[in-house]
1. Amide H of Ser175 versus every other amide H placed in the peptide plane: which residues, excluding those fewer than 5 positions away on the same chain, fall under 5 Å?
2. Let's see if you can work this out: charge +1 on each Lys and Arg Cβ, -1 on each Asp and Glu Cβ, no other charges. What is the dipole magnitude of segment 46-247 about its Cα centre, in debye to the nearest 20?
3. What residues qualify as long-range amide H neighbours of Val238, i.e. H under 5 Å apart, gap of 5 or more or another chain, H built at 1.01 Å from N?
4. Considering the options Val137, Leu228, Ser101, tell which one lies farthest towards the positive end of the dipole of segment 46-247, charges being +1 on Lys and Arg and -1 on Asp and Glu at the Cβ, about the Cα centre.
5. Which far-off residues, 5 or more places away or on another chain, put their amide H under 5 Å from the one on Ala212, with H placed in the peptide plane?
6. In what order do Phe127, Phe89 fall by count of nearby beta-carbon atoms within 10 Å, going from fewest to most?
7. Taking the Cα centre of segment 153-257 as origin, work out the dipole magnitude from +1 charges on Lys and Arg Cβ and -1 charges on Asp and Glu Cβ, in debye rounded to 20.
8. Rounded if a/c is under 1.5, else prolate if a/b beats b/c, else oblate: with a ≥ b ≥ c from the C-alpha gyration tensor eigenvalues square-rooted, which is segment 52-110?
Amino acid sequence: MVLKKNRKILAVYIALIAALTASSLVIILPLNYEYYALSSSLSGHRGLAERGASWTTLRSESLNAEKTVLILARVSPLSNSELEEILEFTKSGGLVVVYGSPDFVESLFRGMIFNTVFLGFTRDPVFSDRDPSRVLVDASLWNTTIVLDTPYVIQVTGNWGISEVVFAGYTSIFSYIDENQNNLYDIGEPLGEFPVLYVLRIGSGLIIVACARGVFTNSVLDDNLYWLEQLTSEGRSVTLDQSEFRSNLIAYFKLIVFSPRGVSPIYIIIVSVIVVMVLYYVYFVEGAEKP
């Protein structure tokens, strides 16, 4: 009987220690997903997080639209419900900066009843920053130059009456569409200026669409800090949309545990509960069973 109780206590110990170890490993091990707030990879957003940007996995309507610059960067396309949330946020005075995979950006345009054709990634051997895929773009509306990481060209046509649309940035006359993706210009590939930056006015807000894989990612954040300061000059704070990671248990857990101010109180409570349970079994359960 005593042996059976000892085994039960041992099982409890093992379970508690395993839970504590598993949660600790999740915290320690890095996750380098694209556009992840805690990723230090070139395509991650840790640089923004370290500069005080917050993040959210909830509905955009939980944010103060008039005081927020929402960074909406992701790989997967938007669902209809997600698009509706973004449009409502923008109509309420929100400022949204969009970039990411071509599939994602096209899903935004198509959801707004535009027709899109992906023409390919663009390179610029002259007006670029150390690499033809890091293309310099004149953001004329803000009177500054930004660097787009791996920009691409999407031909957008359709119902332009849905919103006021402004072409806000073009590549230089030396850029080309790398149709065969060999990072070289080949005879016959389109050459010249291409629109890669759009501004859509919806209600009292704006959606800035950058046709590029990176704008405020770690790879080009330092190059675009001045533009970010302009976007936040009216007292807006930066929030990263991380709703794409709600289906990823580990990534989602880390987003809950961490915050721009450090470890979340939620994690501290979880660890405290585990420690208390271990101490309880050590000092009370085992002590009570001793003759």
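1. Excluding prolines and chain starts, which carry no amide H, the hits are Gly192.
2. 400
3. Ser54, Val69
4. Leu228
5. Gly100, Tyr152
6. By the 10 Å Cβ count, ascending, the order reads Phe127, Phe89.
7. That gives segment 153-257 a dipole magnitude of about 500 debye.
8. Here segment 52-110 falls in the prolate category.
Any read-out appearing in this document is the output of simple, stated calculations on the displayed coordinates, not a laboratory observation. This is a predicted model, so every value here is computed, not measured. Every residue, glycine as well, gets a Cβ built from its backbone with ideal geometry; the counts of neighbours run over all protein chains shown.
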